[in-house]
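The values are calculated or read from the model by the stated rules, or taken from the named source; none is laboratory data. The structure presented is a predicted model; accordingly, all values stated were derived computationally and were not measured. For neighbour counting, all protein chains shown are included, and Cβ atoms are generated from backbone atoms with ideal geometry for every residue, glycine included. Ligands, DNA and RNA are stripped out before the accessible areas are found, and what is left, the full protein with its side chains, is counted by its heavy atoms. Shrake-Rupley method; radii C 1.70, N 1.55, O 1.52, S 1.80 Å.
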Amino acid sequence: MTQEFYLGLMSGTSMDGLDVVLVDFSGSAPELIAHSHAPIPTPLAQRLHRLCQPATNEIHQLAEADQLFAEFCATTVQQLLTTCAVEPTRIQAIGSHGQTIRHHPEGHPAYTIQLGDPNTLAVQTGIPVVADFRRKDMALGGQGAPLVPAFHQAMFKQPEVPRVIVNLGGIANITWLPGSAEQVLGFDTGPANTLLDQWYRHCHPKAAESYDRDGQFATQGQVCESLLAQWLAFDYFHQAPPKSTGRDDFNLAWLHQLSGDLNAYAPADIQATLVELTARTVIDAIQRWLPQLPHEVFVAGGGVANPVLQAAFKRLAPALGWHSTDTLGVDPQHVEAMAFAWLARCFMTRQPGNLPAVTGASRPAILGGLYLP
């Protein structure tokens with residue numbers, strides 16, 4: 001059987017690194033052939049973080065970061081292909097999500113911005129690139145996100161067995177899989193790793209790592225219920241889906257605005273309370289907005305590696321079966337990158353890539369644009 005290779009690239013809201021996967025779509029189910037994770041170089045990561053908030057000289061800074069991030073993506077792709085001895089000519093296309101720096105689906109006009117010039121990526125790798133996945137959905141009145149639920153449905157559906165997929169990237173989102181595509185629901189529930197990482201970096205500016213490995217910092221603190229109640233009152237958590245969010249809403253400025261004097265709290269207590277915020281908003285979304293409780297919950301994304309967060313889910317909702325997507329045959333770190341390989345294939349085969357019930361778009365649509373070497 002002839003292999004049908006696609007590459008998927010994903011760098012999430014946390015901006016901690018780039019995931020690249022090589023996927024073969026020639027069989028009855030997508031097969032992960034190879035993968036890599038490359039930390040975003042610190043100078044580039046700092047540029048990207050700065051662009052998430054208004055500042056001076058933004059157009060110049062954005063244009064430079066757009067090119068630099070594309071070059072970083074191209075280098076990471078080349079390294080993966082060299083490692084697994086696959087020639088670029090064997091790749092049908094790269095599906096590149098790009099690095100989101102702004103996402104305003106509720107604006108007038110609505111807009112979203114992802115960096116990583118696909119022209120540069122195509123030229124430097126010699127591979128066709130499918131990119132700019134979100135804006136067609138937004139042109140049709142949708143949120144442009146989350147897009148991964150369509151892949152969840154294709155990959156993880158089980159007839160007559162209601163499931164939920166929880167993705168814990170920078171932002172947490174959930175996908176309701178009742179078995180039929182017409183009934184799939186999915187939306188962003190709120191922050192996952194983005195606030196945890198930002199607060200950790202704020203408290204540990206000289207730390208070798210940019211995140212709270214194994215939740216060690218959080219374990220030193222206690223949940224502050226009064227602080228948590230202030231955060232949980234935020235409007236976004238009470239909005240009905242479809243909805244999506246990002247660092248525009250959840251950042252350190254948001255934390256200061258809603259919390260008053262953060263110096264009144266022990267730093268580790270804030271970290272522990274942020275973990276609780278993620279767990280409670282995910283569980284509340286499942287209980288409030290889904291037609292029925294799922295039989296099983298499968299968790300993906302970087303938050304799977306946070307044992308404090310995983311323990312909070314099981315403590316708050318012990319009746320739900322909490323599992324990693326590993327049990328479904330897909331490493332939780334690779335689900336989103338595989339989704340963008342799948343979306344690239346949808347474009348190349350002229351198949352819709354969005355679910356209007358998830359994003360709020362007026363109709364299904366082929367997402368993305370093609371950029372040739």
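Numbers below:
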item	result
Meets criteria (within 21 Å of E336 (Cα to Cα) and either outside any strand (DSSP E or B) or open to solvent by 20 Å² or more (accessible area, probe 1.4 Å) (or both)) for R102	yes
Number of the exception - L7 against (1) without any contact (Cβ under 8 Å) to a residue 12 or more places away in the chain; (2) open to solvent by less than 70 Å² (accessible area, probe 1.4 Å); (3) closer than 23 Å to L343 by Cβ	(1)
Strands (runs of 3 or more DSSP E) lying entirely in the stretch 269-373 (those with 3 or more residues that are within 27 Å of P128 (Cα to Cα))	369-371
Condition met for I94 (part of a strand (DSSP E or B), touching a helix residue (DSSP H, G or I) at 6+ places or on another chain (Cβ under 8 Å) and at pLDDT below 95)	no
Where A312 falls short, out of the listed (1) open to solvent by 60 Å² or more (accessible area, probe 1.4 Å); (2) modelled with pLDDT of 95 or more	(1)
Candidate set from the stretch 45-71 (those that are over 19 Å from the mean Cα position of the chain (by Cα) and hydrophobic (A, V, I, L, M, F, W, C)); member that is nearest to V21 (Cα to Cα)	L68
Residue within the stretch 155-174 that is among the charged types (D, E, K, R) and buried (at least 24 other Cβ atoms within 10 Å of the Cβ) present	no
Filtered residue count, the stretch 148-165, keeping only those that are under 23 Å from R280 (Cα atoms) and touching a Phe, Trp or Tyr at 6+ places or on another chain (Cβ under 7 Å)	3
Given (1) crowded, with 22+ Cβ neighbours inside 10 Å; (2) free of Cβ contacts under 8 Å to residues at least 60 places away in the same chain; (3) more than 20 Å from the chain's Cα centre (by Cα), number of the condition G107 does not satisfy	(1)
Matching option when the condition is exposed (fewer than 13 other Cβ atoms within 10 Å of the Cβ), on the phi < 0 side of the Ramachandran plot and without any contact (Cβ under 8 Å) to a residue 60 or more places away in the chain, among S180, S259	S180
Those residues of the stretch 287-307 which are crowded, with 19+ Cβ neighbours inside 10 Å and within 20 Å of the chain's Cα centre (by Cα), in sequence order	V297, F298, V299, A300, G301, G302, G303, V304, N306
Residue pairs meeting the criteria (Cβ under 8 Å; at least 6 apart or on separate chains; first farther than 21 Å from Q333 by Cα, in the stretch 30-49; second among the acidic types (D, E) and surrounded by fewer than 18 Cβ atoms within 10 Å (Cβ to Cβ))	R47/E64
